[in-house]
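Structure first, commentary second.
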Amino acid sequence: MAVHCPECGFVNAEGANYCQKCGAFLSRPEGNDDPTTMTYTVDATGEMHPVDIDEVVERAGAALVIRAGGGRAGESFTLDEDRVSIGRSPDAGVFLDDVTVSRNHALLVRRKDGLYIDDLGSLNGTYVNRRRIESHELEDGDEIQIGKYKLSYLEKQ
């Protein structure tokens, strides 16, 4: 059974959680007991390690979790440093390997009043809550889109 997107009307494949066209959450029928996604980190060898995202956020203060894109849904990144780069460069703190992502796409910067995401002049732009930004102070639950990746920003409350 196909799933119609409530935002744009696109017909998605059965079992899809997010719209393939616009990225909107596709509601599930009643009876889905566990709508959560397992979160994990990837070590230097490429091995995945399950993590409890609540513990990560509690310990580090903030984290990014990939919601969709590149088959990496659930991968998490702790944000416990004052500056974290995002991009296609393998040296980036948040490495997003896709041609729609610039090598040095964006930067997460901790300032006196909070954590900000700054676009670094990327070709395809950086979006927070579906709006293109140059610089934006992040709040718990913000959705960040960089290229084909959609990430959720989670912070300690």
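The values are calculated or read from the model by the stated rules, or taken from the named source; none is laboratory data. Since the structure is predicted, the reported quantities are computational estimates derived from the model, not experimental observations. Note that each Cβ is placed from the backbone with ideal geometry, even for glycine, and that neighbours are counted across all protein chains shown. Just so you know, the surface numbers come from the protein's heavy atoms only, side chains and all, with ligands and any DNA or RNA stripped out. Shrake-Rupley method; radii C 1.70, N 1.55, O 1.52, S 1.80 Å.
Things to note:
- Matching residues in the range 122-157 - criterion: being open to solvent by less than 20 Å² (accessible area, probe 1.4 Å) and more than 17 Å from S85 (Cα to Cα): D142
- Against the test of being surrounded by 15 or more Cβ atoms within 10 Å (Cβ to Cβ), closer than 20 Å to C19 by Cβ, of a type in the set (V, I, T) and modelled with pLDDT under 90, the options V65, V56 yield a single qualifying residue, V65.
- As for the range 109-121, it holds no residue that is of a type in the set (K, R), farther than 23 Å from N17 by Cβ, open to solvent by 20 Å² or more (accessible area, probe 1.4 Å) and touching a Gly at 6+ places or on another chain (Cβ under 6 Å).
- Residue within the range 16-28 that is at pLDDT below 75 and surrounded by fewer than 17 Cβ atoms within 10 Å (Cβ to Cβ) present: yes
- 2 or more residues touching a residue at least 40 places away in the same chain (Cβ under 8 Å) and of a type in the set (S, T, Y): qualifying strands (runs of 3 or more DSSP E) within the range 68-155: 149-155
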